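Novice: If you scroll down you'll find the structure; I have some questions about it.
The values are calculated or read from the model by the stated rules, or taken from the named source; none is laboratory data. Please read all numbers here as calculations on a predicted model, not as lab measurements. Note: ideal-geometry Cβ built from the backbone for every residue, glycine included; neighbour counts use all protein chains shown. With ligands, DNA and RNA removed, areas are computed over all heavy atoms of the protein, side chains included. Shrake-Rupley method; radii C 1.70, N 1.55, O 1.52, S 1.80 Å.
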Amino acid sequence: MGALEEAGAAPRGRLAGKNAIVTGAAGGIGLETSILFAKEGANVLMADISGPALDKALAKLKQLVPNAGRAASWVCDVSKEAQVQAMVESLDSWGGVDVMFNNAGIMHARDDDAIGTPEEIWDLTQNINVKGVWFGSKHAVLSLRRHKKAKGSIINTASVVALVGSATPQLAYTASKGAVLAMTRELAVVHAREGYRFNSLCPAPLNTPLLQDWLGDDVAKRARREIHFPSGRFGEAVEQAHAVVFLASDESSFVNGHDMVVDGAMTKAYVTPE
Ligand code: NAD
């Protein structure tokens with residue numbers, strides 16, 4: 001029997017007893033982060049727009065972390081405020097939110113350059129990637145206040161394309177991630193005296209379905225991107241998740257308004273090793 005299963009045992013770990021919501025939790029970064037959060041003692045609400053994928057993801061978490069605290073799932077489209085509000089308020093019964101990871105995002109196949117991007121794809125991308133992060137941040141703050149919490153950590157997923165321009169354009173996506181960085185910085189400053197921290201995560205291209213499905217078997221398309229990594233490889237979702245655990249935990253208590261770039265030095269490289 002694990003320590004957490006003993007009656008009355010206090011949860012252990014770097015996030016012991018914290019209530020966390022992870023959006024986009026059915027795959028990639030969100031799933032790996034949910035698993036690490038649970039391993040570190042957090043109660044985790046996994047949220048995603050895809051119910052079937054979410055069921056599988058929750059089952060995986062429970063299998064990998066059998067002594068997890070509370071773990072539950074919630075189907076939510078983050079671009080719809082009423083759904084985000086209901087999701088966050090569902091955690092009132094757990095004692096309110098301590099950690100909010102606004103991670104859900106899309107990069108649409110029809111996203112292109114200034115000429116080729118359809119307006120509806122622009123709007124869809126901003127609605128999910130930007131408004132979704134706003135709604136998540138807003139309702140996290142309202143929950144923290146409602147439960148009179150002295151501290152809280154909100155982490156918003158941006159991207160390295162918010163920092164460096166890409167000649168393989170996805171203009172709506174890039175603009176959306178720039179907005180996430182700017183919004184997160186301002187939220188960090190506005191709410192600092194309440195003890196609520198806001199940080200951005202800027203992942204480089206990863207081995208997750210979001211990018212890999214899009215690259216498919218196109219070797220040239222893949223090589224065009226891999227060449228920019230000094231390490232010669234894409235990142236793994238779990239490498240992002242470890243950074244998110246740090247930002248969620250009290251270990252990062254003086255880290256606020258930070259753009260946490262987890263990119264294997266991709267944004268620092270001019271010429272990469274042969
Ligand atoms: P992923 O596609 O594996 O996961 C994204 C999840 O978000 C999916 O489970 C999807 O169902 C969910 N989702 C989509 N629209 C939603 C909505 N409206 N409401 C709720 N959930 C929704 O991708 P990932 O790589 O893990 O991406 C996570 C985040 O990381 C995204 O914000 C993405 O833009 C960002 N990111 C990814 C990469 C990469 O290379 N994979 C690089 C930089 C940034």
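Novice: Go through (1) more than 12 Å from the ligand (Cβ to nearest atom); (2) surrounded by fewer than 17 Cβ atoms within 10 Å (Cβ to Cβ); (3) within 16 Å of the chain's Cα centre (by Cα) and name the single condition Asn199 misses.
Specialist: Of (1) more than 12 Å from the ligand (Cβ to nearest atom); (2) surrounded by fewer than 17 Cβ atoms within 10 Å (Cβ to Cβ); (3) within 16 Å of the chain's Cα centre (by Cα), only one is false for Asn199: (2).
Novice: For region 95-114, indicate whether the set of residues that are assigned to a helix (DSSP H, G or I) and either in contact with a helix residue (DSSP H, G or I) (Cβ under 6 Å, 6 or more places away or on another chain) or touching a residue at least 24 places away in the same chain (Cβ under 8 Å) (or both) is non-empty.
Specialist: no
Novice: Then there's this: If you take the residues in region 18-56 that are near the ligand (Cβ under 8 Å from one of its atoms) and among the polar types (S, T, N, Q), which one is surrounded by the most Cβ atoms within 10 Å (Cβ to Cβ)?
Specialist: The qualifying residue surrounded by the most Cβ atoms within 10 Å (Cβ to Cβ) is Thr23.
Novice: Restricting attention to region 151-190, report how many residues are under 19 Å from the mean Cα position of the chain (by Cα), in a helix (DSSP H, G or I) and not acidic (Asp, Glu).
Specialist: Count: 19.
Novice: Taking region 239-274 on its own, how many of its residues are open to solvent by 40 Å² or more (accessible area, probe 1.4 Å), among the hydroxyl-bearing types (Ser, Thr, Tyr) and touching a residue at least 40 places away in the same chain (Cβ under 8 Å)?
Specialist: The number of residues fulfilling the criteria is 1.
Novice: Which condition breaks for Trp122 when tested against (1) more than 16 Å from the ligand (Cβ to nearest atom); (2) open to solvent by 60 Å² or more (accessible area, probe 1.4 Å)?
Specialist: Status for Trp122: all satisfied but (1).
Novice: Within 17 Å of the chain's Cα centre (by Cα) and either small (Gly, Ala, Ser) or not in a helix (DSSP H, G or I) (or both) - does that describe any residue in region 211-221?
Specialist: No, region 211-221 contains no residue that is within 17 Å of the chain's Cα centre (by Cα) and either small (Gly, Ala, Ser) or not in a helix (DSSP H, G or I) (or both).
Novice: Then there is this: Given the conditions (1) touching a helix residue (DSSP H, G or I) at 6+ places or on another chain (Cβ under 9 Å); (2) open to solvent by 20 Å² or more (accessible area, probe 1.4 Å); (3) away from the ligand (no atom under 12 Å from the Cβ), report the number of the one that Pro205 does not fulfil.
Specialist: (3)
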